[in-house]
1. Mind running the shape call on the stretch 2-241? Use the C-alpha gyration tensor, a ≥ b ≥ c as the square roots of the eigenvalues: rounded below 1.5 for a/c, prolate if a/b tops b/c, oblate otherwise.
2. For the stretch 1-37 and the stretch 161-223, what is the centre-to-centre distance using only Cα atoms, to the nearest Å?
3. At 0.36 nm per residue, minus the direct Cα-Cα distance, what do residue 261 and residue 17 gain on full extension? Give it in nm, one decimal, please.
4. Rounding to the nearest 10 and keeping the result within 0 to 90°, find how far the Cα-based axis of helix 257-267 lies from the longest principal axis of the chain.
5. For the stretch 1-57, state which trypsin sites (Lys or Arg not before Pro) are in a DSSP loop and have at most 14 other beta carbons lying within 10 Å of their beta carbon.
6. How high is the FRET efficiency from residue 232 to residue 167, r the C-beta distance, R0 22 Å, rounded to 0.05?
7. Looking at the square roots a ≥ b ≥ c of the eigenvalues of the Cα gyration tensor of the stretch 9-112, which shape do they give, rounded for a/c under 1.5, prolate if a/b is larger than b/c, or oblate?
8. Evaluate the charge dipole of the chain about its Cα centre and quote only its size in Debye, nearest 20, assuming +1 on the Cβ of each Lys and Arg and -1 on the Cβ of each Asp and Glu.
Amino acid sequence: MKLLCWNCRGLGNPMTVRELKQLIIANNPDIVFLYETKMLSNNFTRIRNICRLDGCLAISSVGYSRGLVMLWKNDIDVVIQNYSSNHIYSIVSMENQKKIRFTGFYGNTDPKSRIKSWNILRMVGRSMKEYWIVEGDFNAIINEAKKEGGRRKPRATMEKFRDVLEDLALVDLKIDRGWFTWVNNHEGNKLVKERLDRFLMYANAINKFPFIAINVIRQANSDRDAVMLGTMGRKPKADIKDLKLFFKFDVCWSRDTEAKDIIKKSLE
């Protein structure tokens, strides 16, 4: 199963909609969670049709900000449990009948209001025991290693985020490819990069998903990159064989001067 999340910075721009469509075509996710859509929920029929994803739950924006949407393929069994302007909580049935509790989350951008979104996450997490994955934009970093450039973040803000993870026994999953998900697109000393978007998992469930892989997908026309988790992303493919086993030497190469030179140089 593939889960994709992206801070799309508003879906009113046709270019952003095209980027979303290309993102879905190129990566073929089963579930897509978007935040900062800046759209009313009744406008998502068109977006859903463009993306060719049948399942949809959209949360309207608040003024000119926020807005969430979860989209999923028709053959994916998704049951929405509850939602707010900061989250969508669902139960997803996988191919092996294993159920994953999946929460798309968006943290408040205002540090003074962020405690409200933390409390929503705590409320959702109270009933979780295992197989819980949280993805989204937390608008917070765990430590300074998740940031490059700019002023140092207040220690208290990072500590509050770490407290939430500890209270809910959530682990920040390692990214296999890429690192930062936001860049301010400035130059020189003013350049700032941060990892605001991430996947978290209930600690006791990690060993049950040994092939999980997470990648940052660069977006050329946006300051925010998408992040995708594949539950089977690292599973070896049985049909892949070592091509070196199929190498065969042809005696005619020994008579070819150019071939001799190539072999000689490779051994130097």
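Read-outs: derived from the displayed coordinates by stated rules, not from any lab. What you are looking at is a predicted structure, and each value in this text was computed from that prediction instead of being measured. Neighbour counts are summed over all protein chains in view; Cβ atoms, including those assigned to glycine, are modelled from backbone coordinates with ideal geometry.
1. Rounded.
2. 17 Å
3. 82.5 nm
4. It works out to around 50 degrees.
5. Loop-located and lightly packed - 52.
6. After rounding to 0.05, the efficiency reads 0.15.
7. In terms of gyration-tensor shape, oblate.
8. Magnitude of the dipole: close to 360 debye.
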